[in-house]
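Okay, so here's the structure we're looking at.
The values are calculated or read from the model by the stated rules, or taken from the named source; none is laboratory data. If you're wondering where the values come from, they're calculated on a predicted model, not measured in any experiment. Note that we place each Cβ from the backbone using ideal geometry, even for glycine, and neighbour counts take in every protein chain shown. Please note that ligands, DNA and RNA were not included when accessible areas were found on the heavy atoms of the full protein model with its side chains. Shrake-Rupley method; radii C 1.70, N 1.55, O 1.52, S 1.80 Å.
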Amino acid sequence: MTTAAPLLPALAARVRAAAHSGSRLCRSCNADADAGADAGVDADAGADTAADTDAATLADRPDGTVVRHGGVVAKAHAPGTDPGALAHRLALAARLPGVLLPPLAPAAPADLHGRLVTCWPYGTPVDPDDPGAAPWEAAGTLLARLHRTPAPAALPLMRGPAKAATALARLRETAPHHLGTAPVLGAWAALPAWARGEADMPDTTTPCHGDFHLGQLVRHPTPDGRWLLIDVDDLGRGVPAWDLARPAAWYACGLLTSDEWTRFLTAYRAAGGPAVPPDGDPWPALDVPARALTAQTAARALTKAAAADRPLDDVERALVDACARMVSVPARTPGS
């Protein structure tokens, strides 16, 4: 599925306009950051040198379209995004410029062909072709700093469990008879109601990213500034262990090495992250969220494989196999 025809050129025009007014915008977005003046100069230079190039589409999915021009990106958020909730998420990003990439000013989302649009400084993403350079320590530290921040009362709930539930619902609709569907649905059904988005989360006081993975990190200013978290669409109050759950699930499935997992967890603990105890076994806190993220990721993989009428690859099979094992092993919880 791609963006409706009128939106993409309008989004490109908006990001070009933002890039060419980059001096005011980029400096204001970094005014409170430690590297404020330097970040503004870098972003301005990016806008100037790219002035004669066209906008490039970085992503075009049902849950968001992202277009870049020079040192600025514009994002059209998912259809139906609540403007009030997004505004509160943007406000928190603007308040935490050393943790989250702050939006460009003005931060209020604009309506463009029925979609809410925000503008951001461009950051250098994690290189998927260099897994050894993945910034696991920076990721753990940033998440710990986010989780230690007092959550504004108006901040919406973190959307992680609701997004996982959507992925499982889509699997039921699109691939009910796939051989991998039954174990994934079984693993999902065994989770507590809060992890399936069907009951209140046990913690609604901690700010969480809600959808952490390495693709949610960029260096800003480019190309080698500090690492920052991006994408506020799922940001909100909730269970902080959810943000550690995807790396935990990858580690449990054999998709993340022991060294990478240890680097991530050690950095999180060293920065005072509250999702797990400061020492000892972290898995009672992580097991339920990790199972939920395993089921969500497996559901998405099965849905894509069924749509393409292709067999599962090795990674996708590992996720489904993990779900099959989860059905027979009770989840661990704090105190168990």
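Roughly what percent of Cα-Cα pairs across segment 216-265 reach past 14 Å?
Percent of Cα pairs beyond 14 Å in segment 216-265: 65.
What size of dipole, in debye to the nearest 20, comes out for the chain about its Cα centre when the only charges are +1 on Lys and Arg C-beta atoms and -1 on Asp and Glu C-beta atoms?
740 debye
Give me log10 I(q)/I(0) at q = 0.12 Å⁻¹ for segment 96-168, Debye formula, one equal scatterer per alpha-carbon, no solvent.
The calculated log intensity ratios at q = 0.12 Å⁻¹ are -0.56.
Order H178, H147, H113, most accessible first, counting only protein heavy atoms with a 1.4 angstrom probe.
Per-residue accessible area, sorted high to low, gives H113, H178, H147.
Using only Cα atoms, figure out Rg for segment 140-201 and give it as a multiple of 2.2 N^0.38 Å.
So segment 140-201 has a normalised radius of gyration of 1.47.
Quick one: compute the contact order of segment 44-154, relative version, from alpha carbon pairs under 8 angstrom and 6+ residues apart, as a percent.
20 percent
How much solvent-accessible surface does R196 expose, in Å² to the nearest 10, with a 1.4 Å probe and all protein chains in place?
The accessible area comes out at roughly 40 Å².
Do me a favour and compute the ellipsoid semi-axes for the chain from its Cα gyration tensor, root of five times each eigenvalue, largest one first, whole Å.
The three semi-axes for the chain are 33, 24, 18 Å.
What are the residues whose amide H is under 5 Å from the amide H of R237, where those residues sit 5 or more places off or on another chain and H is modelled from the backbone?
L157, M158, C208
Just to be sure I understand: of the beta bridges DSSP finds with both ends in the chain, what percent are antiparallel, rounded to 5?
95 percent
From the square roots a ≥ b ≥ c of the eigenvalues of the alpha-carbon gyration tensor of segment 44-186, which class results: rounded (a/c under 1.5), prolate (a/b over b/c), or oblate?
rounded
Collect residues whose amide H, placed 1.01 Å from N in the peptide plane, falls under 5 Å from the amide H of A55; neighbours closer than 5 in sequence don't count.
none
For segment 237-336, which whole-number percentage of the solvent-accessible area (1.4 Å probe, protein heavy atoms only) is attributable to carbon and sulfur atoms?
Summing carbon and sulfur atoms, their accessible area is 57 percent of the total for segment 237-336.
In whole angstrom, note down how far apart the Cα centers of segment 163-236 and segment 90-104 are.
21 Å
With a 1.4 Å probe and all protein chains left in place, how much accessible area per residue does the chain have, in Å²?
Counting only protein heavy atoms, the per-residue value for the chain is 44 Å².
Give me the number: length gained by fully extending H20 to R332, i.e. 0.36 nm times residue separation minus the C-alpha to C-alpha distance, one decimal in nm.
Full extension from H20 to R332 adds 107.0 nm.
What list of ³J(HN,Hα) couplings, whole Hz, do you get for segment 182-192 from phi and the Karplus terms 6.51, -1.76, 1.60, once you set θ to phi - 60° and write x for glycine and proline?
Values, residue by residue: 4, x, 5, 5, x, 5, 5, 5, 7, 6, x Hz.
According to the square roots a ≥ b ≥ c of the eigenvalues of the Cα gyration tensor, what is the shape class of segment 193-321, taking rounded for a/c under 1.5, prolate for a/b larger than b/c otherwise, and oblate for the remainder?
rounded
Roughly how much of R170 is accessible, in Å² to the nearest 10, using a 1.4 Å probe?
In the full protein context, R170 sits at about 110 Å².
For a quick protection proxy, order the peptides 223-230, 304-311 by their average other-Cβ count within 10 Å, most packed first.
Order by mean packing, descending: 223-230, 304-311.
What ³J(HN,Hα) values, in whole Hz, does the Karplus curve 6.51 cos²θ - 1.76 cosθ + 1.60 give for segment 208-222 when θ = phi - 60°, with x put for Gly and Pro?
Coupling constants for segment 208-222: 10, 5, x, 8, 6, 7, 5, x, 9, 10, 9, 8, 9, x, 6 Hz.
Would you mind classifying segment 49-118 by shape? Square roots of the alpha carbon gyration tensor eigenvalues, ordered a ≥ b ≥ c; an a/c under 1.5 is rounded, otherwise it is prolate if a/b is larger than b/c and oblate if not.
Oblate shape, in that a/c is at least 1.5 and b/c is the bigger or equal ratio.
Counting each DSSP H run of 4 or more residues in the chain as -39500 (n - 2.57), what helix-only mean residue ellipticity at 222 nm follows after dividing by all residues, to the nearest 500 deg cm²/dmol?
Computed mean residue ellipticity for the chain: -14500 deg cm²/dmol.
Beyond 17 Å, what percent of the Cα pairs of segment 276-323 remain?
44 percent
Once phi is turned into θ = phi - 60°, what whole-Hz ³J(HN,Hα) does the Karplus curve with 6.51, -1.76 and 1.60 give for every residue of segment 125-140, x standing for Gly and Pro?
Taking θ as phi minus 60°, the curve returns x, 5, 7, x, 8, 10, x, x, 9, 4, x, 5, 5, 4, 4, x Hz for segment 125-140.
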